[in-house]
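Structure record follows, encoded as structure tokens.
What follows draws every value from the coordinates through simple rules; no lab data is involved. Bear in mind that the values here come from a model prediction, so they are computed numbers and not experimental data. Every residue, glycine among them, receives a Cβ derived from its backbone with ideal geometry; neighbour counts consider all protein chains shown.
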């Protein structure tokens, strides 16, 4: 297997770049960062079987993180998804999306880089285990 792909989608360039740089240190992982969720979705659709994780901010122009993640899951229901936000989130809504396997995890901003690394490693291991079982 080649590299496992991760997309960081955040309309703040500083955050997208920092996360990409930090996560690029994980073995066998190739990280793409996007500030435009529509461009990110196009890239994902073109590479949907190489991605294991999409990390998206909740509030972005053009389409929200929730809408992006829904479209990602429609294209590949097995990809892991992580939503992050600096805003308060409706726990009931989040629980519904989690139970429906639309959102697999959540990070509250500001995100500690160590926490980001741990959560990506966790989802990479879950995805690898899943792929072996297929």
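With a/c under 1.5 counting as rounded, go ahead and sort the stretch 1-68 into rounded, prolate or oblate using the C-alpha gyration tensor (a ≥ b ≥ c being the square roots of the eigenvalues; past the cut-off, prolate if a/b is larger than b/c, else oblate). Present the calculation step by step, with values, prior to reporting the outcome.
Working: a/c = 2.48, a/b = 1.33, b/c = 1.87.
Verdict is oblate for the stretch 1-68.
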Residue order, fewest to most beta carbons within 10 Å, for 92, 35: 92, 35
Helical contribution to [θ] at 222 nm, DSSP H n ≥ 4, -39,500 (n - 2.57), averaged over the chain, rounded to 500: -14500 deg cm²/dmol
Segment residue 50-residue 93, extension gain: residue separation times 0.36 nm, minus the distance between their alpha carbons: 12.6 nm
Inter-label distance, nm, simple model (7 Å from Cα along the C-beta direction), residue 101/residue 122: 1.9
Rounded, prolate or oblate (a/c below 1.5 giving rounded, otherwise prolate when a/b exceeds b/c) for the chain by Cα gyration tensor: rounded
Residue of 88, 21, 50 that the Gaussian network model of the chain assigns the largest fluctuation, springs spanning Cα pairs under 10 Å: 88
Spatial separation of Cα centroids for the stretch 9-60 and the stretch 77-134, in angstrom: 14
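Could you work out how much longer the chain between residue 12 and residue 85 gets when fully extended? Use 0.36 nm per residue separation minus the Cα distance between them, nm to one decimal.
In short, 25.1 nm is gained.
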Choice from 52, 19, 94 with maximal GNM fluctuation in the chain (Cα, 10 Å cutoff): 94
If the convex hull is drawn through the Cα atoms of the stretch 59-134, its volume per residue in Å³: 95
Contour excess over end-to-end distance, with Cα ends at residue 114 and residue 129 and 0.36 nm allotted per residue: 3.1 nm
